[in-house]
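The values are calculated or read from the model by the stated rules, or taken from the named source; none is laboratory data. Given the structure is predicted, the values throughout are model-derived calculations rather than measurements. No Cβ is skipped: glycine too gets one built from the backbone with ideal geometry, and neighbour counts run over all protein chains shown. All accessible areas refer to the heavy atoms of the entire protein, side chains included, with ligands and DNA or RNA removed. Shrake-Rupley method; radii C 1.70, N 1.55, O 1.52, S 1.80 Å.
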Amino acid sequence: MPNDTAVLESTGTITEAQLADLGWTLKPEGLCQDDTCVLVPDRAALVGDAGLDLAVLADLLDRPVAVDTEAGLAAVGAPRSVRRGAVDELRAPEFALPDLDGGLTALSDHRSKKRLLVAFSSW
Amino acid sequence: MVIAVAIDENVEKIRELADGITYPVLIDADHVLTELYAISNVPTVVMIDEDDRISMPNWNAYGTDMFKDFTGIDSNQQHDRIRRWVREGDAGMSSEDAAGAVDDLSSDEEAARLHFRLATALRDRGDQAGCDRNFDRAAELAPHDWTIRRAMMPLRGGDPFGQEFFDLYEEWQEQGMPYHGVRGY
């Protein structure tokens, strides 16, 4: 899922290929995903010689980002609107996670059923 | 139906816990669910209806009374509530009350989840110092979030049921037992 969380090699900037991995393309009309584009008001802030500024990008996409510059690794979270849709508007966020047999199960695999989601752990 | 999600990377332990269970048991090693649903402790249960609407948001409900002495929560009453919802569609909470009942994550709690992911990713790359640095940062950002603080204990050689847990529990109580979820249900 392009809106999923991601961990990527970065010290603060990313390449266009990494942007594509995140599910986005930079076009003249803005940052685009399928038919949807996000306006980029300050293109110079986003695009520099070193690549695309990850903090500016994350801000434009309303996704949180954390960069460990020493390790050269960054984590990008899901769009905040997804969680806000859950807590404020009661829309259940979609997810797909591996099951114990290695397959992927998504919430939407069981659409049109009542689902009791149980978050648990061994800790 | 039940969809169980382990906020955990210990697949073998989860396999043991899931022994004999027929519903899906999923592994969320990266804590994606805690970010998407603003979950700060387990067990947290969410009732989701046929139309993908949340009937009951983050709720501290238990499968058994194993922890009743500790939590004071009667799981039988909770199970009755779930049965009523399954049969009659009544979760026992109006959508007006349910919307906004769970506090959104703060930007620090959000960032803590990202640093937790960086910590495990760096550990997997053999960068132990980087791993520790990011676990420390996550703990600093979300000091009373169990999915951060307690979940990292076994990953750092600690015991999530030992003294470290009781110390954290005391600290959490002193802070007014913060929980991203409904209370009193």
Exercise. Within 10 Å of each Cβ in peptide A:107-114, how many partner chain Cβ atoms are there on average? Round it to a whole number, please.
Key: 5
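Can you pull the Rg over Rh of segment B:112-179, Cα-only, Kirkwood? All intermediate terms of the calculation are to be shown ahead of the outcome.
On the way: Rg = 12.1 Å, Rh = 12.1 Å.
Ratio value, two decimals: 1.00.
Heavy-atom accessible area per residue, the protein assembly as shown, 1.4 Å probe: how many Å²?
Per residue, the protein assembly as shown has 47 Å² of solvent-accessible surface.
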Quiz item: At a 1.4 Å probe radius, carbon and sulfur cover how many percent of the accessible area of segment A:1-85?
Solution: 51 percent
Quiz prompt | Helix-derived mean residue ellipticity, 222 nm - over chain B, DSSP H n ≥ 4, -39500 (n - 2.57), to 500 | solution = -13000 deg cm²/dmol
Exercise. Assign unit charges at the C-beta atoms only (+1 for Lys and Arg, -1 for Asp and Glu), then state the dipole size of segment B:1-137 relative to its Cα centre in Debye, rounded to the nearest 20.
Key: 300 debye
Practice problem: Measure nothing fancy, just the Cα-based angle from helix B:107-124's long axis to the longest principal axis of chain B, in degrees from 0 to 90, nearest 10. | Solution: 60 degrees
Self-check item: Set of aspartates and glutamates with alpha-carbon distance to A:Lys114 below 12 Å, sequence-local pairs under 8 removed
Solution: B:Asp49, B:Glu50, B:Asp51, B:Asp52, B:Glu88, B:Asp90
Quiz item: When only C-alpha pairs under 8 Å and at least 6 residues apart count, what is the relative contact order of chain A, in percent?
Solution: 23 percent
Quiz item: Any idea what angle helix A:80-89 forms with the longest principal axis of chain A, computed on alpha-carbon atoms, 0 to 90 degrees, nearest 10?
Solution: 40 degrees
Exercise. With only alpha-carbon atoms counted, please give the Rg and Dmax of segment B:66-146, in Å.
Key: 19.2, 53
Quiz prompt | Listing of segment B:12-39 residues, each with accessible area lower by at least 30 Å² in the full protein assembly than in the chain alone (probe 1.4 Å) | solution = B:Arg15, B:Leu17, B:Val25, B:Leu26, B:Ile27, B:Val32, B:Leu33, B:Glu35, B:Leu36, B:Tyr37
Quiz prompt | GNM top mover of A:Thr15, A:Thr25, A:Thr36 - chain A, alpha-carbon springs below 10 Å | solution = A:Thr36
Quiz item: Share of chain B's accessible area from carbon and sulfur, percent, 1.4 Å?
Solution: 45 percent
Quiz item: Where does the Debye-calculated log10 I(q)/I(0) of the protein assembly as shown sit at q = 0.10 Å⁻¹, using only Cα point scatterers of equal weight, no solvent?
Solution: -0.58
Quiz item: If you wrap chain A's Cα atoms in a convex hull and average its projection over all directions, what's the area in nm²?
Solution: 10.5 nm²
Self-check item: Total formal charge among the other residues, if their Cβ is under 15 angstrom from that of B:Asp127, Lys/Arg +1 and Asp/Glu -1
Solution: 0
Exercise. Note down the net charge around A:Cys37, summing +1 for each Lys or Arg and -1 for each Asp or Glu among other residues with Cβ under 11 Å from its Cβ.
Key: -2
Quiz item: Anyone know which of B:Phe70, B:Phe116, B:Phe166 comes out most mobile in the 10 Å Cα GNM of chain B?
Solution: B:Phe70
Quiz prompt | Debye log10 I(q)/I(0) at q = 0.08, 0.11, 0.20 Å⁻¹ for chain B, Cα point scatterers | solution = -0.27, -0.53, -1.61
Quiz item: What spacing in nm lies between the two simple spin-label points modelled at B:Ser107 and B:Phe161, each 7 Å away from Cα in the Cβ direction?
Solution: 4.0 nm
Exercise. Compute the separation of the alpha-carbon centres of segment B:79-130 and segment A:49-107 and state it in Å as a whole number.
Key: 14 Å
Practice problem: Let me know the volume per residue of the alpha-carbon convex hull for segment A:48-96, in Å³. | Solution: 92 Å³
Exercise. Report the accessible surface area buried between chains B and A, summing both sides, using a 1.4 Å probe on protein heavy atoms only, in Å² rounded to the nearest 100.
Key: 5700 Å²
